[in-house]
Structures are given as C-alpha cells and as structure tokens.
Amino acid sequence: MGTSTSAVGRLLPAISSLLRPPAEDELREYGGIGLVRRKRVIDVGCGDGRMALGCAPYASEVVGVDPDPSAIRLARAKARQLGAANAKFKVGVAQELPFADGYFDVVILSWTL
C-alpha cells in the first residue's frame, strides 16, 4: 500500500527550538561557518528557522522548508525582525521539494526525523 507524501511529517510546536542548542553551537559541530559561507543552503524540517537563520549571515541564500504553516509564519517573522533578506521559508515536505537537483550546495536536517 502506498502513502501520500502530502501526509508525511509529524508536526511539533514551533516553540520546540527553545529546547535546541544555539544555531552557532550546532553549526560549529558540523564544521563551522566555512561549511555555509557564500553557499546556497536548504534547511529541511526548519521549524521556526533556528538553523536557517543561524546560517543566513554567512550563506548567499538560505531556504527553510517545513510542513507546519505556523512554524513557517514564525520563521518568516524572525527573518524580517533580523533583516535576513537572504532567508526564505516555504511550507513543504522533503519528499516534494520544488527545486532542481543540485541547486543547493548544503542540505541541513537539524533535529529532523
């Protein structure tokens, strides 16, 4: 029996990023800002944008994707508040990303199951 990818994804409250380490600390564990500097980055399962916005000061472009519309609204508000013009957020799931293969240089799945 097949499953529809539109039903994929479990939603956690957008506030759940308060339980995560600061984006700077997590990025350092992945190899530091050199990993994302001047690159196109996608954060799959971005929630409220914690990691995407942590990468934005260094990346050329950051896109966050999450199935939770309320988390995406919060991420967009945070991006506006921070002035992160290179960060965009979209409602969606990993199985149906609307980007060409190879478009991104770095893919982040932080605290995503």
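Odds and ends about this structure:
- Residue check for residue 44: open to solvent by less than 50 Å² (accessible area, probe 1.4 Å), out of contact with any His (no Cβ under 7 Å at 6 or more places or on another chain) and over 20 Å from residue 19 (Cβ atoms): no
- Exclusive hit being of a type outside the set (Val, Ile, Thr) and open to solvent by less than 40 Å² (accessible area, probe 1.4 Å), set 105, 68: 68
- Extreme residue, modelled with the lowest pLDDT, among residues of segment 19-30 that are of a type in the set (A, V, I, L, M, F, W, C) and open to solvent by less than 50 Å² (accessible area, probe 1.4 Å): 23
- First in segment 84-100 and open to solvent by 70 Å² or more (accessible area, probe 1.4 Å), second anywhere and aliphatic (A, V, I, L, M), Cβ under 6 Å, 6 or more apart: 88/63; 90/65; 91/72; 95/8
- Qualifying residue in segment 75-95 (condition: farther than 17 Å from residue 24 by Cα and among the aromatic types (Phe, Trp, Tyr)): yes
- Restricting attention to segment 42-83, the residues that are of a type in the set (Ser, Thr, Tyr) and touching a residue at least 40 places away in the same chain (Cβ under 8 Å) total 1.
The values are calculated or read from the model by the stated rules, or taken from the named source; none is laboratory data. Note that the structure is a prediction, hence the values are computed from the model and not measured. In this analysis, Cβ positions are derived from the backbone assuming ideal geometry, glycine residues included, and neighbour counts consider all displayed protein chains. For the accessible areas, the whole protein counts, side chains as well, though only heavy atoms, and no ligand, DNA or RNA atoms are used. Shrake-Rupley method; radii C 1.70, N 1.55, O 1.52, S 1.80 Å.
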